[in-house]
1. Have a look at MET216, ALA12, GLY163 and report the one farthest towards the positive end of the charge dipole of the chain, computed about the Cα centre with Cβ charges (Lys/Arg +1, Asp/Glu -1).
2. Using 0.36 nm times the number of residues separating ASP186 and ALA162, minus their current alpha carbon distance, what extension gain do you get?
3. Per DSSP H run of n ≥ 4, the term is -39500 (n - 2.57); total these for the chain, divide by its residue number, and report the mean residue ellipticity at 222 nm rounded to 500 deg cm²/dmol.
4. Have a look at region 180-248 and give its Rg and Dmax from the Cα atoms, expressed in angstrom.
5. For region 6-307, give the share of DSSP beta bridges that are antiparallel, in percent and rounded to the nearest 5; count only bridges with both residues there.
6. Run the reach check for LYS159 against lysines, Cα to Cα strictly under 23 Å, same-chain hits fewer than 8 apart removed. What comes back?
7. In region 6-307, with Lys and Arg counted as +1 and Asp and Glu as -1 at Cβ, which of these residues, THR85, GLY285, MET240, has the Cα nearest the positive end of the dipole, that is, farthest along it?
8. Under unit Cβ charges (Lys, Arg +1; Asp, Glu -1), what dipole magnitude, rounded to 20 debye, does region 57-148 have relative to its Cα centre?
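Readers should treat all values here as calculations from the given coordinates under stated rules, not as data from a laboratory. Everything quoted here is computed from the prediction, not taken from an experiment. Cβ coordinates were reconstructed from backbone atoms using ideal geometry, including for glycine residues, and neighbour counts include every protein chain displayed.
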Amino acid sequence: MAEARKVIITCAVTGAIHTPSMSPHLPVTPQEIADAAVGAAEAGAAIVHLHARDPLTGKPDQSPEAFARFLPLIKQRCDVVVNLTTGGGLGMTVEQRVAPAATFKPEVASLNMGSMNFGIFPMLGRFKEFKHDWERPYLENSRDHVFKNTFKDIEYILKNCAGNGTRFEFECYDTAHLYNLAHFLDRKLVEPPLFVQTVFGILGGIGTHPEDVLHMKRTADRLFGDAYRWSVLGAGRAQMPIAAMAAAMGGNVRVGLEDSLWIGPGRLATSNAEQVRKVRQILEGLGLEIASPAEARAILALKGGDQVAF
């Protein structure tokens, strides 16, 4: 019999999109972020994708000191693969964004593969009351915000992490981002197996129609052949439908409160682990097996949890 395919579940536990007023379950403090990461791992996530926040206001904080408050806690409690953001939060410089990955040398770091409009202001139509002064302007300012990741910026991040053995989760929000990645592959600044995370449903990027998913997959297949491992994330209500579709097509999946605060129509997810359990149920219902952290390390050719700097 053919060996069963193992599906990697990534869980993005807090992010920098949602604000604390949107859900009481969004992890904010270092202890909450650590607990969320460990809970997601126990539920079946092989990788946790991490941002940091100010513990008092919940505002995104990309300082290495903020990450240092929870990274050792996670490592002490489980063997999950840690993926640190280089996307940070809106308005941060590339030097700020790369600092945690350059400092802590994780097994994986995320890398957005291009500049783009990044609109989160539509959430102002759903959420009216905010606890903190920074939340409303943060959302509103995205009407006039371009997330900047030029070719120079991407090269800066790649070179800053080149000696660390860190591999990347290449976040592709539209077709052009796949071509940008192909450019860096041609220049041998990245090497297979590429971990390609196609992102659906962010205003400014590609949409959430099944044809969008198929188009991104076909394009990646044409550009990278067997040199990449495909994963998907769907924003908001698209989270689980896109995960199910991609899994049936041979992909890996990402869930977490960074991408969606919800577990069903009108129902907030009470934890990241709840979303992991739900997507795991979908995957296992399709007859698929869940990758352990060790199996994810083998699939993605990672250096190992004993080679990080935290």
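1. Result: MET216.
2. Values: separation 24, 0.36 × 24 = 8.64 nm, distance 1.65 nm.
Difference between extended and current length: 7.0 nm.
3. -10500 deg cm²/dmol
4. Cα only, region 180-248: 12.6, 37 Å (Rg, Dmax).
5. On the way: 6 of 39 bridges.
Antiparallel bridges: around 15 percent, rounded to the nearest 5.
6. Counting by Cα, and skipping residues close in sequence, LYS159 has these lysines nearby: LYS105, LYS148, LYS188, LYS303.
7. GLY285
8. Working: 12 positive and 10 negative charges, 30 e Å.
For this selection, approximately 140 debye.
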